[in-house]
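First comes the structure, then the notes that go with it.
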Amino acid sequence: VCYSTSHAAHNAEYEAFVCVLCPAGAGGWSPLNSNKYQWLEIKLEQRTEITAIATQGRYGSSDWLTRYLLMFSDTGHNWRPYRQEDSIGAFSGNSNADSVVMYKLQQPIIAQYIRILPLHWNPNGRIGLRLEAYGCQYKSDVVSFDGSAHLLFRPDPSVSLADRDVLSMNFKTLLNSGMLVHMEEHSGHSFTLELFRGKLLLHQNGLGLSSKPRRGSSADFHPLVSLGSLLDDQHWHHIRVERIRGLVNFTVDKNTQQFQLPESWSHSEINEISFGGTSASGLQKSHSRRNFHGCLENVLYNDISVIERAEEQQLSITGNVSFTCPESIDVPVTFASPGSFLALPWVSGGESASVSLQFRTWNRAGLLMTFDLQHNAGTLWLYLSEARARLQIHKTGRIMTDITAGSAHALWDIYHSLSLFDCKSRIHLSCVLYINYIYRCPDTEGGSGCRNPFSVFQGCMRLIRTDGALVDLIRVQQMLFGNFSDLQMDMCGIVDRCSPSRCEHGGRCSQSWSTFHCNCSATGYSGATCHSSIYEASCEAYKHKGNTSGFYYIDMDGSGPIKPQLIYCNMSDKAWMVIQHNNTELTKLKASSGINQHLAHFNYSADAEQIQAIITQAEYCEQELSYHCKKSRLLNTPDGAPFSWWVGRSGEAHMYWGGAVPGSQQCACGLQENCVHPEHFCNCDADSKEWLNDSGLLSHKEHLPVRALAVGDINRSGSEAAYRVGPLQCYGDNNFWNAAYFNKETSYLHFPTFHGELSADISFLFKTSSSSGVFLENLGIKDFIRIELSSPTQVLFSFDVGNGPLEVKVETASALNDERWHHVRAERNVKEASLYVDHHPGTVQKAPADGHIHLQLNSQLFVGGTASRQKGFLGCIRSLKLNGKTLDLEERAEITPGVTPGCPGHCSSYGDLCQNHGSCVEDHSGFTCDCSLSPYTGTFCHKDVSAFFKPGTSVTYTFKEPYKLNRNVSAQSSSIYSDLTLRGENVSLSFRTSQAPALLLYVSSYYREFLAVLLNRNGHLDVKYKLQHNRDAEVFRASGRNLANGQLHRVSVQRLGETLSIQKHLRSTKVTILSPDCSCGGDIEISLKTQTQLFLIAESGEVDPEIARLNALGFTGCLSVVQFNSISPLKAALLYPDTSPVIVTGALSESSCGSSLPTNPYAAETTHSLADHVGTVGTGEPIVNAINSDSALIGGVIAVVIFVSLAALAVMARFLYRRKETFQPQEPKAEKNDDSPETPFNTDPNSQSIISDNQKEYFI
């Protein structure tokens, strides 16, 4: 073993033998000058497999390295840095002179030369080193190809394994393209492995594949996979291709991709293998169109050494091959930092001048070279701009020449050649050629300084020539020629950070010299590496964000591998997920000769993996299965073999029908014992000549969805049948509500070790009254990850992946220990760590550029506490997900002291989702909105109730009627007290009309007091109020513009005492109803008599003349969301007509006229159910499409909602009646009926209820 070092300050090179880990008295290596240009090089006798390296400081001194680079090479040139975890180039060294620091290399080094480059050393000493390398001998068989030769190997078919083939080898080359291997099969198929632009492509040729050929390739060329990059660096790279039947594992260096071959390729045998290239005709089927130029090493096919066979001439050799690997001395240079530059003296005395070089970089901009022209002709600048080469000559602040060359679409992962040639040079050119000179100029006499108009170049250069002569960069490194700063000599340090790509879920990777970027657009994921899903995991989650019915992307496993899927969410009381398939319509079958069975397959909008995840996560799933029959038996019960069956998720056939239990071979009527013929278990098994049906819901989750349906008994004369398989529908999210309550600080739940080596995302919800506590913790030997509530307003995310502890904090303006649910999302990847809490601004912390990236944990994961039982969490944790997988907190809580499964109390967090005075009602898993006090309906009391009115249409609401309005109305539903004495009222409605004048709302009392909301002949909104019978009515102008414009307008009339407020949209007006000289005293009260009279002009002489005239005209238009205090009469009339004291007269048509947004045809608020006709018998022939698709059903539901809205508006208008207290007869108050059930209408809690025999009408 020989050791050499870099030169000392006086350029005297010397050799030294280094004794490493020796007893007292031994020294070590310490160069004369301690600077970053020193190195220690070890030359081994031959190429060796090095598995570990150990360092010590110099014996008995203060000299040791604290940080260094490890380089290796086969030739002593073109060095390659060893990288830990593919990102860390530097090794941490010693902290004193005596201790030994050893590193076992994750990937062994195979080389003859190794070199140590000091980066940092003890600041109180000098560079000092004792070194030892560990390894073993390395056996190598090599063969070199000159670009025209190849080897042809034919495997012995008697020993070939048809089900498994393994090909492995190493290769090295300086050229970026060439065919390495071509394999032919007996079937005519072939595989090709080739290097193309520095990447390895594995592709297949042959017929039967649907892939389209690339431009310029043959019609049967099918690329399969691409791996690796920068493979033309004259270093050894490893390849392994393993085929096990149709599964192929393709490995380049440490990166592996797996793919599946078509079935026709799975069992073919390899007939012949060509190494180093193939014939000229075979090259036309490749990208590179050339044979390989370089070396192969240790080529093994199914453990057979191909190179040994070639040396023994046991295979065919075409062209000249050599069994040694000639090494070309290539000396690249790396410009790694913004301060890197190279200055070369250049003297040209010929008739022409030229300079050329090769470069490779990831950056699209950067200065390549600059020099001054003779005779003050200017300065030449050659640089990259937008990935193109650009030359400019500047003189006295002006651009004299501007030339652009090259393609902006060029790939920058290969070496590009650049030449500058001047055939009319100014003969004697003497200057300094600056390469990547940016920030500072070398010291020169009379220098006038320099500018920085261009970006810095970061990349590699090689083969730098001036006037055709190659620049000796080794002499530059030895400081014998030129000048430089911060260069990495004799190596190309370019790193492909996109191979393998750290961008997940299809994110597109791009890079610069120092970092990479992920473009996550159109992926459905976000973050620095496209790791975290932007979608929710269920309709339940969308519902609790306030979303209503519609199509949403659902990502069942968050950051996991399952792709997001567009799914319809039907937000009713339950959040239903509806997964459609290709045939949800009723399909009719008729007898056909020769056809004994009809087989239908159903293709769902989600794939099998997505559907399985949906069903597993859901609380309940169902799917309708209907069969209509006429002389067509179904299951042939009780004892026959079934004629029909359906196929479930796992491919098994099931003999039970909708509404029955698994394994019963029955239909719903058989289970309920109400079949047409009791001796059968299905209606259709009666073989009747009349139309019957068996319909029901399949709800056994393990069997859903229905993948196929087989229908038999349709080949007889007169046999007819029809079937329908509805969409798969599921509700509930077991993961979303999975929670645990920690009631002791010392309690915790433990789970297996969290594996998030490169990417880790953690999300959960919590609520607590405690000021601090650890949510979760997982430890390793040195690494750890922890999330905690560090104070009432701070959440802390801390971890260590080997670079030292890192903390990410989020501060909130309000306290988090408020017993409300708060959402925490933490993510850590190779680029950054982030933390978000609710909707507060998040915090992002960048990762070190060249630090450790693997998170290595080995302890159990602790939730709600720590292993030390300190800083435990008190409160609830819910929906805890790690990398998209939900931990079952409730299952562990069942068996853990101090922890209780589940956590109630959701209205404190989600109650605000209930709109328009809807109230939140607690549920075990979530909440519901009670809309009984709101004129709106829907999941969140958000949908308006509207109706379209025509002349002659009215809705009458009776507070208490003396006779039965409807025999089906319960007494309790009408028991609203007969007379209401109000000190104020609140009336609101929306309208849309083109009619003017028009009466929108009229309320009158028995004492000739009234309120009218109307449009005058100019379309202006007027409110006419008369609260005293002995005074004239007063008119208040609420709007000065025409509102009869067909647009939707919202009106609110509020009275409190003698103050009247009128609000139209966001504009409000307050006026005093009574004159200042009114001697009423106290609050103004209004008495509401409950006798309801349908016709407004019962006493024509008593009615205000203007009101009578408008009433005669009638009203044509839309009324919506009508409300009087807490009563919603229009909603009651449309949604609850059988249990509400309402009478509708005239044609009242339902409408969506009250909606300010376009109608959503999918916004159904109910779920299709067969509850009304499960097991029933139909007497008529089914109509195809009569069982409508879900979209048609949803449209019908919307129409009903619109109809309800209109009636409610009519009910409200007649509700505002008032009289003076002096005219009110004194009557005893009635007692409240505590036994009456909740109804969709209620009295105002502030009102007084008085019994009266008189009744009152409210007419709209």
Of those in the stretch 954-1004 that are open to solvent by less than 30 Å² (accessible area, probe 1.4 Å), touching a Phe, Trp or Tyr at 6+ places or on another chain (Cβ under 8 Å) and in a loop (DSSP other than H, G, I, E, B), the residue modelled with the highest pLDDT is 993
Of the listed residues (826, 849), the one being open to solvent by 70 Å² or more (accessible area, probe 1.4 Å) and aliphatic (A, V, I, L, M) is 849
Among residues of the stretch 33-61, those that are within 15 Å of residue 138 (Cβ to Cβ) and among the β-branched types (Val, Ile, Thr), counted | 3
Starting from residues that are in a loop (DSSP other than H, G, I, E, B) and touching a Phe, Trp or Tyr at 6+ places or on another chain (Cβ under 9 Å), keep the ones in the stretch 333-361 and report whichever is nearest to residue 461 (Cα to Cα).
-> 361
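In the list 791, 747, 770, 814, which residue meets the criterion of being surrounded by fewer than 21 Cβ atoms within 10 Å (Cβ to Cβ), in contact with a Gly (Cβ under 7 Å, 6 or more places away or on another chain), more than 29 Å from residue 106 (Cβ to Cβ) and not hydrophobic (A, V, I, L, M, F, W, C)? Before you say what the answer is, go through the steps one by one.
Working: 791 fails: in contact with a Gly (Cβ under 7 Å, 6 or more places away or on another chain); 747 fails: surrounded by fewer than 21 Cβ atoms within 10 Å (Cβ to Cβ); 814 fails: in contact with a Gly (Cβ under 7 Å, 6 or more places away or on another chain).
Of 791, 747, 770, 814, the one residue that is surrounded by fewer than 21 Cβ atoms within 10 Å (Cβ to Cβ), in contact with a Gly (Cβ under 7 Å, 6 or more places away or on another chain), more than 29 Å from residue 106 (Cβ to Cβ) and not hydrophobic (A, V, I, L, M, F, W, C) is 770.
For residue 48, are the conditions met, namely being touching a Gly at 6+ places or on another chain (Cβ under 8 Å), assigned to a strand (DSSP E or B) and over 30 Å from residue 310 (Cα atoms)?
Details: touching a Gly at 6+ places or on another chain (Cβ under 8 Å): yes; assigned to a strand (DSSP E or B): yes; over 30 Å from residue 310 (Cα atoms): no.
Criteria not met by residue 48.
I want to confirm something. Restricting to the stretch 242-263 and keeping residues that are within 16 Å of residue 299 (Cα to Cα) and within 33 Å of the chain's Cα centre (by Cα), which single residue is surrounded by the fewest Cβ atoms within 10 Å (Cβ to Cβ)?
Let us first name the residues in the stretch 242-263 that are within 16 Å of residue 299 (Cα to Cα), namely 242, 250-253.
Those still in the list that are within 33 Å of the chain's Cα centre (by Cα) too: 250-253.
Numbers: 250: 21, 251: 17, 252: 23, 253: 19.
Checking each candidate, the answer is 251.
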So is residue 97 under 20 Å from residue 493 (Cβ atoms) and not basic (Lys, Arg) or not?
-> no
Conditions (1) in contact (Cβ under 8 Å) with a residue 60 or more places away in the chain; (2) assigned to a strand (DSSP E or B); (3) hydrophobic (A, V, I, L, M, F, W, C); number of the one not met by residue 91 = (1)
Test residue 878 against the stated conditions and say whether it is open to solvent by 30 Å² or more (accessible area, probe 1.4 Å), in contact with a strand residue (DSSP E or B) (Cβ under 9 Å, 6 or more places away or on another chain), touching a residue at least 60 places away in the same chain (Cβ under 8 Å) and assigned to a strand (DSSP E or B).
-> no
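Working only within the stretch 709-763, note down all residues that are farther than 27 Å from residue 636 by Cα, in a loop (DSSP other than H, G, I, E, B) and of a type in the set (Val, Ile, Thr).
Those that are farther than 27 Å from residue 636 by Cα, in a loop (DSSP other than H, G, I, E, B) and of a type in the set (Val, Ile, Thr): 746, 753.
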Based on what the data block shows, is residue 720 among the acidic types (Asp, Glu), touching a His at 6+ places or on another chain (Cβ under 9 Å) and open to solvent by 10 Å² or more (accessible area, probe 1.4 Å)?
-> yes
Considering the stretch 536-572, residues that are in contact with a strand residue (DSSP E or B) (Cβ under 6 Å, 6 or more places away or on another chain) and surrounded by fewer than 18 Cβ atoms within 10 Å (Cβ to Cβ), and then whichever is nearest to residue 829 (Cα to Cα), we arrive at 553
Residues in the stretch 645-674 that are open to solvent by 20 Å² or more (accessible area, probe 1.4 Å), of a type outside the set (Ser, Thr, Tyr) and not in a strand (DSSP E or B): how many?
-> 14
Residue check for residue 602: on the phi < 0 side of the Ramachandran plot and open to solvent by less than 40 Å² (accessible area, probe 1.4 Å) = yes
For the stretch 1036-1059, the count of residues that are part of a strand (DSSP E or B) and out of contact with any Leu (no Cβ under 9 Å at 6 or more places or on another chain) equals 2
Take the stretch 399-419 and flag every residue that is at pLDDT 85 or above and either charged (D, E, K, R) or in a loop (DSSP other than H, G, I, E, B) (or both).
-> 402, 415
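Looking at the stretch 696-705, is at least one residue open to solvent by 10 Å² or more (accessible area, probe 1.4 Å), more than 19 Å from residue 618 (Cβ to Cβ) and of a type in the set (D, E, K, R)? Working first, answer last.
Initial filter on the stretch 696-705 (open to solvent by 10 Å² or more (accessible area, probe 1.4 Å)): 697, 699-703.
Now restrict to residues that are more than 19 Å from residue 618 (Cβ to Cβ): none.
Among the residues of the stretch 696-705, not one is open to solvent by 10 Å² or more (accessible area, probe 1.4 Å), more than 19 Å from residue 618 (Cβ to Cβ) and of a type in the set (D, E, K, R), which makes the answer no.
In the stretch 1005-1014, which residue that is touching a helix residue (DSSP H, G or I) at 6+ places or on another chain (Cβ under 8 Å) and over 20 Å from residue 948 (Cα atoms) is surrounded by the most Cβ atoms within 10 Å (Cβ to Cβ)? First the steps, then the outcome.
Kept after step one, since they are touching a helix residue (DSSP H, G or I) at 6+ places or on another chain (Cβ under 8 Å), are these residues of the stretch 1005-1014: 1007, 1010, 1012-1014.
Retained after the next criterion (residues that are over 20 Å from residue 948 (Cα atoms)): 1007, 1010.
Numbers: 1007: 18, 1010: 22.
Only one residue fits best here, namely 1010.
With the structure loaded, tell me whether residue 766 is of a type outside the set (A, V, I, L, M) and assigned to a loop (DSSP other than H, G, I, E, B) or whether it fails that test.
Numbers: of a type outside the set (A, V, I, L, M): yes; assigned to a loop (DSSP other than H, G, I, E, B): no.
Answer is no for this residue.
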For the stretch 269-293, pairs from a residue that is under 14 Å from residue 150 (Cβ atoms) and in a strand (DSSP E or B) to a residue that is of a type in the set (Ser, Thr, Tyr) and at pLDDT 85 or above, with Cβ under 7 Å and 6 or more apart or across chains, are 273/301; 291/148; 293/173
Taking only the stretch 585-607 into account, find how many residues are part of a loop (DSSP other than H, G, I, E, B) and of a type in the set (Ser, Thr, Tyr).
-> 3
(1) open to solvent by 40 Å² or more (accessible area, probe 1.4 Å); (2) in contact with a Phe, Trp or Tyr (Cβ under 6 Å, 6 or more places away or on another chain); (3) assigned to a strand (DSSP E or B) all hold for residue 836 apart from (2)
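Considering only residues of the stretch 94-127 that are free of Cβ contacts under 8 Å to residues at least 40 places away in the same chain, assigned to a loop (DSSP other than H, G, I, E, B) and within 17 Å of residue 54 (Cβ to Cβ), which is least open to solvent (accessible area, probe 1.4 Å)?
Narrowing the stretch 94-127 to residues free of Cβ contacts under 8 Å to residues at least 40 places away in the same chain: 94-96, 106, 123.
Filter again for assigned to a loop (DSSP other than H, G, I, E, B), leaving 94-96, 123.
Checking the rest, the ones that are also within 17 Å of residue 54 (Cβ to Cβ) come to 94-96.
Numbers: 94: 8, 95: 91, 96: 60 Å².
Of everything passing the filter in the stretch 94-127, 94 is least open to solvent (accessible area, probe 1.4 Å).
Would you check if there is a residue in the stretch 323-334 being over 30 Å from residue 113 (Cβ atoms), hydroxyl-bearing (Ser, Thr, Tyr) and modelled with pLDDT of 85 or more? So that I can check it myself, show each step before the final result.
Within the stretch 323-334, the subset over 30 Å from residue 113 (Cβ atoms) is none.
Checked against the condition, which is being over 30 Å from residue 113 (Cβ atoms), hydroxyl-bearing (Ser, Thr, Tyr) and modelled with pLDDT of 85 or more, the stretch 323-334 yields no hits at all.
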Yes or no: residue 771 closer than 30 Å to residue 904 by Cβ and outside any strand (DSSP E or B)?
-> yes
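Which residues, counting only those in the stretch 51-88, are outside any strand (DSSP E or B), over 43 Å from the mean Cα position of the chain (by Cα) and not charged (D, E, K, R)?
Within the stretch 51-88, the first condition is being outside any strand (DSSP E or B), and the residues that meet it are 57-64, 74-78, 82-83, 85-87.
This time we only want the ones that are over 43 Å from the mean Cα position of the chain (by Cα), so: 57-64, 74-78.
Listed by number, the residues that qualify are 57, 59, 60, 61, 62, 64, 75, 76, 77, 78.
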In the stretch 1104-1142, what count of residues is obtained for those that are within 47 Å of the chain's Cα centre (by Cα), outside any strand (DSSP E or B) and crowded, with 20+ Cβ neighbours inside 10 Å?
-> 9
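The values are calculated or read from the model by the stated rules, or taken from the named source; none is laboratory data. Since we're looking at a predicted model, the values are computed, not measured. A quick note on method: Cβ atoms are made from the backbone with ideal geometry, for glycine too, and the neighbour counts reach across all protein chains shown. The accessibility values were calculated without ligands, DNA or RNA, using every heavy atom of the protein model including side chains. Shrake-Rupley method; radii C 1.70, N 1.55, O 1.52, S 1.80 Å.
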